[in-house]
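*Asks:* Here it is, the structure in full.
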Amino acid sequence: MNHTAKSARAGSAAVLTWAGLLTVLALLTGCTDTREALLNGKSRSDRDVISVFPEDRAKGVDARTRLEVKVPDGRLESVRVRRIEDARQQTVAGRIAPDGLSWRPEPGAARLALAAKYSVDAVALDGAGRRSARHTTFTTIVPEHRFIGYFKPENRSTVGTGMIVSFSFSHPVADRAAVEKAIRVTAEPAVEVVGHWFGKDRLDFRPRAYWEPGTEVVVDIALRDVEGAPGIYGSQDRTVGFTVGRSQVSRVDAAKHTMEVRRDGELVSTVPITAGAPKTTTYNGRMVVSEMHEVTRMNGATVGFTNAEGKGEYDIKDVPHAIRLTESGTFLHGNYWAGDDVFGERNVSHGCIGLRDAKGGGGSTPGGWFFDRTLIGDVVEVVNSKDRKVSPDNGLSGWNMGWKKWKAGSALR
């Protein structure tokens, strides 16, 4: 009996001894939760020390939401907010307030991305110098509706000095300032480039005067997650560029029936042409080449030229060397169906500018010669026609608008 009692007492003493040793070790190692439990009877959660908004594991967070990390006392030691689990890892730039009690994103910092997951890692020291850390995550809203901008010119292309960077959007834009701000056009050598809105779905960019030959232009498109209209967000995030080639400006005199082609300011050739007939005159003004086709079909019905039966006044299935100048259908193209005596003498077209050519096209004809020496972005200017000046939004015709008025069409001014 006594022996058994002694053994039990010894076992109890051993348990107490080990418990005491564990307590001492915990105190010596500074384990916060254990120490708080010993001193206060309960642990102090990091959640009570560091508060994060949005809350941990929040979903569907608006990209414009307030992002903040706070402590009630002491100071924040470090805060890191990152976009994670994505090929485009991104750190949100921010700063800790001078009093050390809060962290917020830097003024002007890019807003949160949509359909993205973020992590927040914060470390703080309380008033007693004790360190606490907290890790949270949240995900932003996944938009149901997106828009894109279709743009000219093509990436890595070489263009003429009259090229205008033009965006056509797949959805009408309500917040034009936000969209324009997200598109940045820069040039080397540097020159001021300004955007101009034509309605709610088109934005063009150009400098004050034609680009200098050899200019390298970069277009940064940061439309992803930009809210162009309520609930409709951009989807593009890319950079494109193009090179400005030699200068070529061609001046069509509708009264003299000639086209003077100037390369880098020097007259290269004077070509006989035929322009719009008296009832279907050609627009005056500066137009920019936007498309080029070795051969194309032209049907009058597509541009409003129909006969009493509702059919096109013309339907030519193999127009050679067709160079588009306006969206409304003005082309400079080869013409094999008119007599040779027309060119340089009379205006007989439905508004286009015709050059003598051969059926199927030929490099030695005026039409083929000009086509082979033309770039997208070259300028063709028509004078002395008995028609009005072409509208600045008809094709890439923005050069017909003065610089002051052009700048007034920017949403950022």
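*Asks:* Just check segment 200-294 against the gyration tensor rule for me: Cα atoms, a ≥ b ≥ c as the square roots of the eigenvalues, rounded for a/c under 1.5, and otherwise prolate or oblate depending on whether a/b exceeds b/c.
*Replies:* Oblate.
*Asks:* Now, a different point. Looking at the square roots a ≥ b ≥ c of the eigenvalues of the Cα gyration tensor of segment 108-154, which shape do they give, rounded for a/c under 1.5, prolate if a/b is larger than b/c, or oblate?
*Replies:* prolate
*Asks:* Among the aspartates and glutamates, which have Cα under 19 Å from the Cα of K200 when same-chain residues fewer than 8 positions away are ignored?
*Replies:* Hits, sequence-local ones excluded: D175, E180, D225, E227, E327, D393.
*Asks:* Using DSSP to define loop residues, name the trypsin sites (Lys or Arg not before Pro) in segment 221-326 whose beta-carbon has at most 13 other beta-carbon atoms within 10 Å.
*Replies:* Details: sites: R224, R238, R246, R251, K256, R262, R263, K279, R286, R297, K311, K317, R324; in loops: R246, K256, K279, K311.
Of the trypsin sites (Lys or Arg not before Pro), the ones in loops of segment 221-326 whose Cβ has at most 13 other Cβ atoms within 10 Å are K279, K311.
*Asks:* Round to the nearest 10 and give me the degree value, 0 to 90, for the angle of helix 2-29's Cα axis relative to the longest principal axis of the chain.
*Replies:* Its long axis makes an angle of about 40 degrees.
*Asks:* Additional query: Roughly how many debye, to the nearest 20, is the charge dipole of segment 141-197 about its Cα centre, given +1 on each Lys and Arg Cβ, -1 on each Asp and Glu Cβ, and no other charges?
*Replies:* That gives a dipole near 80 debye.
*Asks:* Which value in deg cm²/dmol, rounded to the nearest 500, describes the helix-derived mean residue ellipticity at 222 nm for the chain, given -39,500 (n - 2.57) per DSSP H run of n ≥ 4 and division by the residue count?
*Replies:* Rounded to the nearest 500, it is -4500 deg cm²/dmol.
*Asks:* Which of K279/K389; K256/K386; K317/K359; K59/K117; K279/K311; K279/K405 have a Cα-Cα distance over 20 Å?
*Replies:* On the way: K279/K389 16 Å; K256/K386 13 Å; K317/K359 11 Å; K59/K117 9 Å; K279/K311 18 Å; K279/K405 32 Å.
Going by Cα-Cα distance, K279/K405 fall outside the 20 Å limit.
*Asks:* For segment 124-224, rounded, prolate or oblate, judged on the Cα gyration tensor with a ≥ b ≥ c (square roots of eigenvalues), a/c < 1.5 rounded, else prolate if a/b > b/c?
*Replies:* Prolate.
Read-outs throughout are calculated quantities, based only on the coordinates presented, and are distinct from any laboratory measurement. Keep in mind that this is a model prediction, so the values were computed, not measured. Positions of Cβ are generated from backbone atoms using ideal geometry, with glycine treated the same way; all protein chains shown enter the neighbour counts.
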